[in-house]
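Student: Before I ask anything, let me first share the structure, which is written out below as structure tokens.
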Amino acid sequence: MRRIPSPRLWSELVKESPTEQFETNSVWSQGATTRRIRRYVEEKQRSERPNSAEMRPRRFFHKLSALGISAALATSWSAPAWSQETIDSDPQPAAPQAPSEATAAQAGDAPTLESLQKRVEELELQQEDQEMEAFEATAGEMTSFKPTFSVYGFLTVSLMRAWISKNNILYNLMHDKLSFAISNVNLYFHSRMTQSLSAMVELYFTFAPQGRESYMPYGRLDTTVTESSTLRQHVLGGVAIERAQATWQRFDFLGVTVGRFITPYGVWNVEHGATVFLPLIPPYVMANHILPNAQTGLMIHGRFFPHSGIYLDYAITAANNRSDVEASLDFSDNKALGLRLQLRYEHPKFGVSLGGYGYWGQVDIQQKEEQIDLSVPTIHISSKSRDKHTELTGALDLVVTGYGVRLQAEYARSLVTYDVHAQRIAPYFDVVFEGSYIPDHVRSDGYLMLAYELPLEKLLGDMTLTPFILLEQSIAEDANKSSNAYDYRAGLNFKPSSYWVLKLEGSMMWAPDSVYLKSKIYYVGAQAAVSF
Amino acid sequence: MHTSHKPPIASLLAAAVLGLAMSGSTPVQAQKEDPYDLMIVCNKAVKDNIDVATVRDLFLRKRLTWPSGANVVPINASMGSKLRREFQRRVLLITDAEETKYWEKNKIMSALTAPPEFEGTLRAVFKLSGSLTYVFRAQFKEGVSRVMFVVPSDEKSYEGGKP
């Protein structure tokens, strides 16, 4: 007579059944374990069931023994009681027995199948009750959203060298000696106060204006100061507020951001951080500020989901018009308006994104004059526009990614129409050309970048090595071709981990239509960008 | 001459019963419950139904709310845990390193950060309204959360340790 599985079956049960692993893992797994063991034993026995009719009587005992083991195991979890009373032929393994069965067996009153089943069910229910109590006790703390606050940022260290020929007007004007530079120290403070409300401040620390050169007469700003008590020398720098924004986002389709935010145009401007974008130097479309890189005002934004994997984002911006003080003042009651639309399709291996941003603004840079009449006495402040124009700009961006390839392109075109023409100012020198005014014009910038993440997983693991080329054209003023510039770049982006990037880049800049900038300018740069 | 080849009614009934039985049993081929099955579960108060693509969006914060408009609180397992890696592989379709890169990028771009992590994900969704998480079937407990759907295990699920 056999009431438990054979030793071979038992060893298979322990070895093969994954339930064995769970017993130590979770407080509530033992009830399930009992059920699984019972199921496993039954399945195992069914699969080993002999076809011969003469073996039929054994089925009952197999089933009975399986239930016996299950019941015994379940009982042993709460009150260990080990007994081998029911094992008549196989001395091993030592199967646990429920006390009631053990007692019954001792008394010579063999348990019936029904009584064993009932006992197992009782034990399972009892076990589940205990588990639920334990679960509720440990889950009690996680009942509501907890506000978060985090500080993080990124910094970049660059090493650059330029080569400028002597017949180029930028010779000795643009720094060309091999130099290290701390080009970014950006610090973020971010808090999510509720599930819908968050705030973020991004500060940009810089050594500027240290080393700033001015001409006519020449001077170079030195911000070094000596602390009188310790005689330590410090180079004073500056802090710029890159972003300071509060966002309410209760719904996917509607969010509101107020403060100073990044203009939602293009790819580069939105990627923003040196650890995110591939190349080292921003494109002309950003350097020339054909659109404001950041604005102070209000942005309404959201996202729709037309189909699985497809996202339609929008943003409407209303902000101060551009001026030298636009971060905190606007010289006009009208506000600059913008509309961003972006359609994206994302697949784990492939993605396409097409975006556009339209911007309309009225720039009115006013100059004030004071008139003091000491006889009354009164003071009268008058103001007049020294640059008043309307700008209408459209920008497009495209990103295609797939199988390691990244194709990225941006193009922006702006129509500038003057009411009061601005005087032309010589760059670098900040010298006004008397009698020379900027006419209505169209300006545009565009670039195309092609990058390929080399398939070196076996060699580099999670590290990525991405060579890229970038071609760019900048037309600062369509009526003045001498300002047209071209830039051809090639580089390598090596990302050892998520937190840092090493970049190497070479470039050739060329302004073929300019008398003064006709000779080519070369530069080579390297950068380490780290996020923390 | 009228010839009738009508089959007996009993035969028709038998065929119909057999057909029904076949249609009910053959294609269904009940999926075996596996301890490595990934169960996508949410707080019991959530009434919405979502698919795996939406779960992916929610855990990557591309989507912030349930279809009904209520806020979602995705709860992640600890980074590097077997449960998290299986969720990344079977649902997010990215690796551990790729997810880290994703969050580093979004943190800098738009202050978007990864969902909070809890070691006992099932415990976290028990009382936290709008919460969503995942758990191995082996660790699942009836009655404490609502099962949205199950992502079945595959051969790779058995690599790299027990649930």
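Student: Residues with amide H under 5 Å of residue B:112's amide H, sequence separation 5 or more or different chain, H placed in the peptide plane at 1.01 Å from N; which?
Tutor: B:107
Student: Work out the mean other chain Cβ neighbour count within 10 Å for the residues of B:51-59 and drop it here as an integer. Walk me through the numbers before you get to the answer.
Tutor: Values: counts 1, 1, 5, 2, 0, 4, 7, 0, 0.
Per-residue shielding by partner chains comes out at 2.
Student: Any idea how far apart residue A:148 and residue A:504 come out in nm if each label point goes 7 Å out from Cα toward Cβ?
Tutor: With each label point 7 Å from Cα toward Cβ, the separation is 3.7 nm.
Student: Same structure again: Using a 10 Å cut-off on Cβ atoms, rank the peptides B:117-128, A:504-515 from the highest mean neighbour count down. Spell out each step's value before the answer.
Tutor: On the way: B:117-128: 20.9, A:504-515: 16.4.
Descending packing order for the listed peptides: B:117-128, A:504-515.
Student: In addition: Take each of the peptides A:236-242, A:274-280, average the number of other beta-carbon atoms within 10 Å over its residues, and list them starting from the highest. Can you show the working numbers first?
Tutor: Details: A:236-242: 13.6, A:274-280: 23.6.
Those peptides, ordered most packed to least, come out A:274-280, A:236-242.
Student: Please give, to one decimal in nm, the separation of the simple spin-label points placed at residue A:436 and residue B:146, each 7 Å out from Cα toward the Cβ.
Tutor: It is 7.1 nm.
Student: Now for a different question. Residues with amide H under 5 Å of residue A:440's amide H, sequence separation 5 or more or different chain, H placed in the peptide plane at 1.01 Å from N; which?
Tutor: A:418
Student: Follow-up question, since we're still on this one. Compute the accessible area of each residue in the range A:292-310 twice, once for its chain alone and once with every protein chain present, using a 1.4 Å probe on heavy atoms, and list those whose area falls by at least 40 Å².
Tutor: So the qualifying set is A:305.
Student: If you don't mind, there's one more thing I want to ask. With a 1.4 Å probe, how much accessible area is buried between chains B and A, both sides summed, in Å² to the nearest hundred?
Tutor: Values: alone 10230 and 30470 Å², together 36540 Å².
The summed interface area works out to 4200 Å².
Student: Mind checking the mean number of beta-carbon atoms from other chains within 10 Å of the Cβ atoms in B:104-117?
Tutor: Values: counts 10, 8, 1, 11, 15, 7, 9, 15, 2, 6, 0, 0, 4, 0.
Mean shielding by partner chains, rounded to a whole number: 6.
Student: Given the pairs B:107/B:127; A:177/A:520; B:82/B:107; A:146/B:44; B:44/B:82; A:368/A:388, which are separated by over 22 angstrom at their Cα positions?
Tutor: Working: B:107/B:127 28 Å; A:177/A:520 17 Å; B:82/B:107 25 Å; A:146/B:44 20 Å; B:44/B:82 25 Å; A:368/A:388 14 Å.
Exceeds cut-off: B:107/B:127; B:82/B:107; B:44/B:82.
Student: To continue, here is another question. Ordered by residue, what ³J(HN,Hα) values in Hz, to whole numbers, does the range A:371-376 give under the Karplus form 6.51 cos²θ - 1.76 cosθ + 1.60, where θ = phi - 60° and Gly and Pro are x?
Tutor: Here the 3J(HN,Hα) series is 10, 10, 10, 6, 6, 7 Hz.
Student: A further question on this structure: Going from most exposed to least, what order do A:213, A:391 have by accessible area with a 1.4 Å probe? Mind dumping the intermediate values first?
Tutor: Details: A:213 60, A:391 0 Å².
The residues order as A:213, A:391, largest area first.
Student: Under the rule of at least 5 residues apart or a separate chain, name every residue whose amide H is placed under 5 Å from the amide H of residue A:330.
Tutor: Correct list: empty.
Student: Under a crude label model (7 Å from the Cα following the beta-carbon direction), how far is residue A:532 from residue A:350 in nanometres?
Tutor: Placing both labels 7 Å along Cα→Cβ, they lie 4.2 nm apart.
Student: Report the equivalent ellipsoid semi-axes for the range B:38-158 in whole Å, largest first, defined as the square roots of five times the eigenvalues of the gyration tensor built from alpha carbon atoms. Intermediate results must be reported in sequence, preceding the final value.
Tutor: Values: eigenvalues 85, 68, 31 Å².
Equivalent ellipsoid of the range B:38-158: 21, 18, 12 Å, largest first.
Student: How crowded by other chains is A:343-354, given as the mean number of beta carbons from other chains within 10 Å of each beta carbon?
Tutor: Working: counts 0, 1, 0, 5, 1, 5, 1, 0, 0, 0, 0, 0.
That works out to 1 on average.
Student: OK, next. Roughly speaking, what is the stretch gain from residue A:304 to residue A:253, that is 0.36 nm per residue apart minus the C-alpha to C-alpha distance, in nm to one decimal? Write out the running numbers ahead of the final one.
Tutor: Values: separation 51, 0.36 × 51 = 18.36 nm, distance 0.58 nm.
Full extension of this stretch gives 17.8 nm more.
The values are calculated or read from the model by the stated rules, or taken from the named source; none is laboratory data. Quick caveat: nothing in here was measured; it's all calculated off a predicted structure. Please note: Cβ atoms are built from the backbone with ideal geometry, for glycine as well, and neighbour counts cover all protein chains shown. These area figures cover heavy atoms from the full protein model, side chains too; ligands, DNA and RNA do not enter into them. Shrake-Rupley method; radii C 1.70, N 1.55, O 1.52, S 1.80 Å.
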